[in-house]
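Structure first, commentary second.
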Amino acid sequence: MNKNNIKGSLILLLASLLWGLAFVVQRDASSKIKPFAFNGLRSLLGAAVIMLFLLVKKKVDKKPIFTLTREYLKNAIKGGVICGTALLISVNLQQYGIAVYENGVAAEARSGFLTALYVILVPIASVILKKRVPVLVWIAVAIATVGIYFLCLTGGFTSIYLGDVLMFSCALTFTVHIMAIDAFCEKVGGPQLSVFQFTFCGIISIILSFVFEGGFSPSTVYNALPQILYMGVFSSGAAYTLQIVGQKYAEPAIASISMSFESVFAALGAVVIVGTVPKPREILGCVLVFVAIITAQIPEFLKKDN
């Protein structure tokens, strides 16, 4: 591995650490603030942090942040709404899902590994676009299926939690989100698109909070302020910026594997910070899902070597 790949991998591992610990923070926040309110506030804060990054970048590069042409603005608004809608559904499914796990369940580990299945689902979704899916990806699907069995189904269908269903649904919607990002990122710019999507997600989440949750009070925000700040500043703003920087150095296959460690950090974070230790069968399930995630990335390495 060359020096750039090592540098990029370390940066991306830091981003993955911030994302992984976010599952612990989200679980803690679930007892303090409702999902729509939480995601609305943290998304708007995340948009502000990324906008600050763009303003600093503008001073360094001496280039405008946005291209004020009709075509650019059309793509930016369209991309912001489509990507923002997919993000809106994904993060709220995730937050509600992690909130409904019963006490004593390794919610953070289960959430982290089930959400990370989007790494496998994205290439499978390519079938819809009539793209060839490598054999190794199908092998990864088989491994992941066995992993999910040990993680969620060892006790039969009665051992499935509502949170498991919501987290798998979250992985599906994150798959749509990633494909939407891929469609608009080049036209709008990665950080710029993120500002639009986070802003849209934040505004709509806050509206939904007042419609379905009765809104939120200043005291509620104050009680959940550390969690909102972590998710907005570190998980959304800082981690996304680290991802942009890291991917400049690391090759795509190495970058994707580095970022897949998010699920591992979610499980380890729960053990170290909360003291929630998964059961042996859940650990086996986590290991198999992680092996599946890594296996799904191998075709990228093979493609790189050809």
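The values are calculated or read from the model by the stated rules, or taken from the named source; none is laboratory data. The model shown is predicted, which means the values in this text are computed figures rather than measured ones. Here Cβ is always computed from backbone atoms with ideal geometry, including for glycine, and neighbour counts include all displayed protein chains. When the accessible area is computed, the model is the full protein with side chains, heavy atoms only, and any ligands, DNA or RNA have been set aside. Shrake-Rupley method; radii C 1.70, N 1.55, O 1.52, S 1.80 Å.
Near Ala99, once Lys and Arg are set to +1 and Asp and Glu to -1 for all other residues with Cβ below 15 Å from its Cβ, the sum equals 0.
Using Cα springs under 10 Å in a Gaussian network model of the chain, which residue among Gly189, Gly20, Gly84 shows the largest mean-square fluctuation? Looking only at Gly189, Gly20, Gly84, the biggest GNM fluctuation is shown by Gly189. Calculated mean residue ellipticity, 222 nm, the chain: -25000 deg cm²/dmol, from DSSP H runs (n ≥ 4) at -39500 (n - 2.57) each, averaged per residue and rounded to 500. Sorting the segments 196-207, 218-229, 165-176 by their mean number of nearby beta carbons within 10 angstrom, highest to lowest, gives 196-207, 165-176, 218-229. Dipole orientation for region 128-279: of the candidates Val133, Leu268, Ser236, Val133 has the Cα lying most toward the positive pole (charges on Cβ; Lys, Arg +1; Asp, Glu -1). Could you work out which residue, out of Ala183, Ala37, Ala47, moves most in a Gaussian network model of the chain, that is, has the largest mean-square fluctuation with Cα springs under 10 Å? Answer for the Gaussian network model of the chain: Ala183.
Coordinate range of the alpha-carbon atoms in the chain per principal axis, descending: 57, 56, 36 Å. With no solvent and one point on each alpha carbon, what is the Debye value of log10 I(q)/I(0) for region 62-146 at q = 0.11, 0.14, 0.21, 0.23 Å⁻¹? Relative scattering, expressed as log10 I(q)/I(0), comes to -0.55, -0.78, -1.04, -1.10. Backbone geometry of region 263-277 corresponds, through the Karplus equation with coefficients 6.51, -1.76 and 1.60 at θ = phi - 60°, to 3J(HN,Hα) couplings of 5, 5, 5, 5, 5, 5, x, 5, 5, 6, 8, 9, x, 8, 9 Hz, x marking Gly and Pro. Of the accessible area of the chain, with the probe set at 1.4 angstrom, what percent is carbon plus sulfur? Its accessible area is 70 percent carbon and sulfur atoms. With protein chains left intact and a 1.4 Å probe, residues in the chain average 49 Å² of accessible area per residue. For trypsin sites (Lys or Arg not before Pro), the sites in region 44-139 that DSSP calls loop and that have at most 15 other Cβ atoms within 10 Å are Lys62, Lys130, Lys131, Arg132. Computed over the alpha-carbon pairs of region 1-141, the distance histogram in 10 Å steps reads 9, 24, 34, 27, 6, 0 percent, short to long.
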